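Single-structure report; data block below.
The values are calculated or read from the model by the stated rules, or taken from the named source; none is laboratory data. The shown structure was predicted, so the numbers you read here are calculated from the model rather than taken from an experiment. Because the Cβ atoms are built from the backbone with ideal geometry, glycine has one as well, and the counts that use them run over all protein chains shown.
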Amino acid sequence: NPSSKQSRNMAEGLGKAMGIMGKGKNRLSFGKEDITVEKELQQEFEVKKAPQLKLFYESNMLEPISCKGVVESTALIVWLRRQISQKAFLFNKSHQVVEFVKSRPLVIIGFFQDLEEEVAELFYDVIKDFPELTFGVIAVGNSIGRFHVTLDSVLVFKKGKIVKCQELINDSTNEYDLSQVIKQHLTDFVIEYNSKNKDLIYELHILNHMLLFFSKGSESYGLIIHHYKLASKEFQNKEEAAGSGRH
């Protein structure tokens, strides 16, 4: 709706996103429709209130993916990349998993009998809501002799060591069990805001951030950051960022 300020802001953000990502690149095409004119399209795609952004992934016109609450171009780009990018790293050999988990502080790997079975699809669907974590998948048959996994399972690795193993063997509880395993490891995240990781913090799909300013040269630095990390555990499924100054 051109008369709506929100619609104009969305159109501006979409235009900037197109300029950054490139029209026709990344298998993406951009467009906009005026629902005050295109009444049939409004009805077909059930647009009840403008503006609305919908992604037709792989030209699927029957089940568009709705983008809610995202207007600014940077956040829009992150959302788009997350929708069209690889959801998890695919490993074909167990030594690849070993090398990968050693190189990262926290990794969650799904082990599945069949990477296209229902429980694997559930894994892919659930992890989309947790882009701040790193995920991978491997067929159980390709991991024999290394991780001692025989059933559909998820393993959590911290600095290369297994800290959690959750079997996914009950269709009625698999989604809950998987979500709990993931959320249990979100509360460890207190990230220092600096030039190296500021882009990572901005790219996280978190609506609210808490930023703590302090001096690393302060005598109370250790105590402050200790209590800050303890407090962060009260905000499960949130992200806290720590920024420091030198005086």
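A few remarks follow.
- Test: residue in the stretch 133-153 that is on the phi > 0 side of the Ramachandran plot and not assigned by TED's automatic domain parsing to the domain that holds Cys67: yes
- Test result for Val156, buried (at least 17 other Cβ atoms within 10 Å of the Cβ), at pLDDT 90 or above and touching a strand residue (DSSP E or B) at 6+ places or on another chain (Cβ under 9 Å): yes
- For Asp199, the conditions (1) under 23 Å from Ile108 (Cα atoms); (2) modelled with pLDDT of 65 or more; (3) surrounded by fewer than 11 Cβ atoms within 10 Å (Cβ to Cβ) are fulfilled apart from (2).
- Residue match in the stretch 125-132 (condition: in contact with a Phe, Trp or Tyr (Cβ under 7 Å, 6 or more places away or on another chain), at pLDDT below 90 and assigned to a helix (DSSP H, G or I)): yes
Residue-wise test of (1) at pLDDT below 85; (2) closer than 30 Å to Lys161 by Cα; (3) assigned to a loop (DSSP other than H, G, I, E, B).
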residue	(1), (2), (3)
Lys48	yes, no, yes
Glu58	yes, no, no
Trp79	yes, no, no
Phe100	no, yes, no
Phe111	no, yes, no
Asp114	no, yes, yes
